[in-house]
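To start, the structure itself, in structure tokens.
The values are calculated or read from the model by the stated rules, or taken from the named source; none is laboratory data. Just so you know, these numbers come straight off a predicted model, no measurement behind them. Neighbour counts run over all protein chains shown; Cβ positions are idealised from the backbone, glycine included.
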Amino acid sequence: MKRYSVFAIAREAMRYHSGWERAWRSPEPKKAYDVVIVGAGGHGLATAYYLGKNHGIRNVAIIEKGWLGGGNTGRNTTIIRSNYLQDPSAAIYDKALQLYEGLSQDLNYNVMFSPRGLLMLAQTHHEVRGYQRTVHANRLQGVATEWIDAKRVKQLVPIMNIEGPRYPVLGALYQERGGTARHDAVAWGYARACSDMGMDIIQNCEVTGVTSANGVVTGIETSKGSIACKKLGIVVAGHSGQLAEMAGFRLPLEAVALQALVSEPIKPCIDVVVMANTVHGYMSQSDKGELVIGGGTDGFNNFTQRGSFQHIEETLRALIETFPIISRLKMLRQWGGIVDMTGDRSPIISKTPLGNCFIDCGWGTGGFKAIPGSGWAMAELVAKGEPGPLAAEFNMWRFKEGQFIDESVAAGVAH
Amino acid sequence: MLILECPYCGVKAEETELSPGGEAHLKRFGPGSSPEEFEDYMFARQNPKGVHFERWRHSYGCGKWFLAARCTATLEVFGTYPAQSSEPPAELVEKIKAKRPQWKGWK
């Protein structure tokens, strides 16, 4: 792999940019691999990357039904934060944030991580108490967040109307290290690094079955033939239930559609990420100038990757009250992703009833921010066969035992 | 936009008039049941990509709960029936089978 650098740009400028290589290979699948990861989204690619980097396992294939990063990795609002309430969540999300901070250097690929600061608005007294509790919890966890009052919010975001009338801004939970990154670049950067380590990324290859012998996984059936493997990692977000069914177990998941939309590009007007959970809306401005707006989930099971129209209306109606200047903006695009929701709104990184088959799913509405941390923890689980400290609490049996990692407030819907 | 016909008042209601209520025909487990049964009742859902039986409430209409059969992959609605049914009506099951020959049946 040729490294990207300022010298590479200068070199290519001298020869009509004829020397850029493909970022990753597109090989045909081999007959067998040590590890097969199903799902070439952010989490799957990160898992493969840290398998190679941290554990030296490089005979790996990453199988993707569609195209690389074409699922939820390409459909989110790119927000990164780690201000969660419970200790296990804070640990894994903060690990992810720390990895994001050095990811461009690590991957030699500019993921455009922008730690611009992140506000979670409190618009009811209930939320004020909830976020103050989160700040205290974060302090104990060593995650730097602070509670700021409405005046400070207005200083940070001058375009915000903090007076209401329906939902006045009473303060906010502020994480200065939070921000955004370029979502596609995260997937592409990991893919390039995986391919460079000799891993095979196989796109347009749908998994149709999981084969096993004596309760241990032996391989998968795909639309490009059977592939044998010693270990299998399932990292497929919305379709986790379908893959689990092939592997012979059930997951406590439900798939729903989550929507987002972007406005036409305008001049820079907001340089932090603002999330408003009461009204189910959140907004940031992309480098192109578009306002990236996230909405709510539909309440019913849905695999169609499009959401209900009235949710767009609801989200915008609420955001217009908080940001009156956006009322005349045209919205350019809208899309939906299928998110896999667990009962406690926390993910599952776990061994499964099938031997040597591991699953990483249930990231629900907030998977993008966790990509590096999730990959790190999942790689450790796949390599060692036992979860490390980051993944231990996120096992799939916690629902039976009642040991929930309740993040319904922190995860809610706004991400 | 989803349009479901309320089996009580006969109104063809669109989504904003209705509230979704999750999977239908769950068997309730409470005190005295095993941890597996209770977990199943609380968290394990069919979550199929295809035919799904679910609860809806006609919140901004007659206010009553009813049940519906819907395809989660296409959003096609096969039919609705009263909430007091312990299983989907046979004619509805037949109708779904005709439309979805691959379908494994309602349970």
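Reported count of residues in region A:312-346, each being in contact with a His (Cβ under 8 Å, 6 or more places away or on another chain), under 26 Å from residue A:159 (Cα atoms) and either within 14 Å of chain B (Cβ to nearest Cβ) or among the β-branched types (Val, Ile, Thr) (or both), is 2. Scanning region A:230-247 for any residue that is touching a Phe, Trp or Tyr at 6+ places or on another chain (Cβ under 9 Å) and farther than 30 Å from residue B:38 by Cβ turns up at least one such residue. In region A:136-179, what count of residues is obtained for those that are under 22 Å from residue A:366 (Cβ atoms) and basic (Lys, Arg)? The number of residues fulfilling the criteria is 2. Where helices (runs of 4 or more DSSP H) fall entirely within region A:55-171, those with at least 1 residues that are farther than 29 Å from residue A:340 by Cβ are at A:103-107, A:125-141, A:150-156.
One line per residue, one yes/no per condition, for (1) crowded, with 23+ Cβ neighbours inside 10 Å; (2) in contact with a strand residue (DSSP E or B) (Cβ under 6 Å, 6 or more places away or on another chain); (3) under 19 Å from residue A:67 (Cα atoms):
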residue: A:155; (1), (2), (3): no, no, no
residue: A:159; (1), (2), (3): no, no, no
residue: A:165; (1), (2), (3): no, no, no
residue: A:168; (1), (2), (3): no, no, no
residue: A:174; (1), (2), (3): no, yes, no
residue: A:177; (1), (2), (3): no, no, no
residue: A:184; (1), (2), (3): no, no, yes
residue: A:191; (1), (2), (3): yes, yes, yes
residue: A:197; (1), (2), (3): no, no, no
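Among the residues making up region A:354-375, those that are small (Gly, Ala, Ser) and under 23 Å from residue A:297 (Cα atoms) are A:362, A:364, A:366, A:367, A:370, A:374. Close Cβ contacts (under 6 Å, 6 or more residues apart or on different chains) running from residues in region B:1-24 that are within 10 Å of another protein chain (Cβ to nearest Cβ) to residues that are β-branched (Val, Ile, Thr) and in a strand (DSSP E or B) comprise B:14/B:3.
Residue B:70 meets the conditions (1) touching a residue at least 60 places away in the same chain (Cβ under 8 Å); (2) out of contact with any His (no Cβ under 6 Å at 6 or more places or on another chain) in every case but one. The failed one is (2).
For region A:70-80, does any single residue satisfy the condition of being over 12 Å from the mean Cα position of the chain (by Cα), at pLDDT below 95 and either hydroxyl-bearing (Ser, Thr, Tyr) or not assigned by TED's automatic domain parsing to the domain that holds residue A:273 (or both)? Yes; the residues of region A:70-80 include at least one that is over 12 Å from the mean Cα position of the chain (by Cα), at pLDDT below 95 and either hydroxyl-bearing (Ser, Thr, Tyr) or not assigned by TED's automatic domain parsing to the domain that holds residue A:273 (or both). Checking A:364, A:388 one by one, the residue that is of a type outside the set (Lys, Arg), crowded, with 23+ Cβ neighbours inside 10 Å, free of Cβ contacts under 8 Å to residues at least 60 places away in the same chain and assigned to a loop (DSSP other than H, G, I, E, B) is A:364 and no other.
Looking at the structure I just gave you, is residue A:263 assigned by TED's automatic domain parsing to the domain that holds residue A:129, hydroxyl-bearing (Ser, Thr, Tyr) and crowded, with 22+ Cβ neighbours inside 10 Å? Answer is no for this residue.
Residue A:227 passes every criterion in (1) crowded, with 17+ Cβ neighbours inside 10 Å; (2) more than 18 Å from residue A:366 (Cα to Cα); (3) within 11 Å of chain B (Cβ to nearest Cβ) apart from (3). Considering only region A:251-280, state which residues are touching a Lys or Arg at 6+ places or on another chain (Cβ under 9 Å) and at pLDDT below 90. Matches in region A:251-280: A:279 only.
For region A:114-132, the criterion of a residue being touching a strand residue (DSSP E or B) at 6+ places or on another chain (Cβ under 9 Å), farther than 17 Å from residue A:179 by Cα and polar (S, T, N, Q) is satisfied by at least one position. Filtering region A:284-307 to residues that are more than 14 Å from chain B (Cβ to nearest Cβ) and either in contact with a helix residue (DSSP H, G or I) (Cβ under 6 Å, 6 or more places away or on another chain) or among the basic types (Lys, Arg) (or both) leaves A:288, A:295. Is one or more of the residues making up region B:36-50 aliphatic (A, V, I, L, M), within 16 Å of the chain's Cα centre (by Cα) and away from every other protein chain (no Cβ under 14 Å)? No, region B:36-50 contains no residue that is aliphatic (A, V, I, L, M), within 16 Å of the chain's Cα centre (by Cα) and away from every other protein chain (no Cβ under 14 Å). Residues that are under 21 Å from residue A:185 (Cβ atoms) and not β-branched (Val, Ile, Thr) within region A:284-309 comprise A:284, A:285, A:286, A:287, A:288, A:289, A:290, A:291, A:294, listed in sequence order. Which members of region B:4-15 meet the condition of being more than 14 Å from residue B:81 (Cα to Cα) and either basic (Lys, Arg) or surrounded by fewer than 16 Cβ atoms within 10 Å (Cβ to Cβ) (or both)? Residue satisfying the conditions is B:14 alone. Cβ separations smaller than 9 Å between residues 6+ apart or across chains give the following pairs from region A:231-244 residues that are within 10 Å of residue A:39 (Cα to Cα) to residues that are part of a loop (DSSP other than H, G, I, E, B) and of a type in the set (Val, Ile, Thr): A:234/A:352. Considering only residues in region A:232-247 that are more than 11 Å from every other protein chain (Cβ to nearest Cβ) and within 15 Å of the chain's Cα centre (by Cα), the one that is surrounded by the fewest Cβ atoms within 10 Å (Cβ to Cβ) turns out to be A:237.
Residue-by-condition table, conditions (1) of a type in the set (Ser, Thr, Tyr); (2) at positive phi:
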{"site": "A:160", "(1), (2)": "no, no"}
{"site": "A:212", "(1), (2)": "yes, no"}
{"site": "A:220", "(1), (2)": "no, no"}
{"site": "A:237", "(1), (2)": "no, yes"}
{"site": "A:261", "(1), (2)": "no, no"}
{"site": "A:267", "(1), (2)": "no, no"}
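Only residues that are assigned to a strand (DSSP E or B), within 14 Å of chain A (Cβ to nearest Cβ) and surrounded by 18 or more Cβ atoms within 10 Å (Cβ to Cβ) were counted in region B:67-99, giving 6. When region A:288-327 is filtered for residues that are free of Cβ contacts under 8 Å to residues at least 60 places away in the same chain, polar (S, T, N, Q) and not in a loop (DSSP other than H, G, I, E, B), the ones remaining, listed by number, are A:301, A:310, A:315, A:327.
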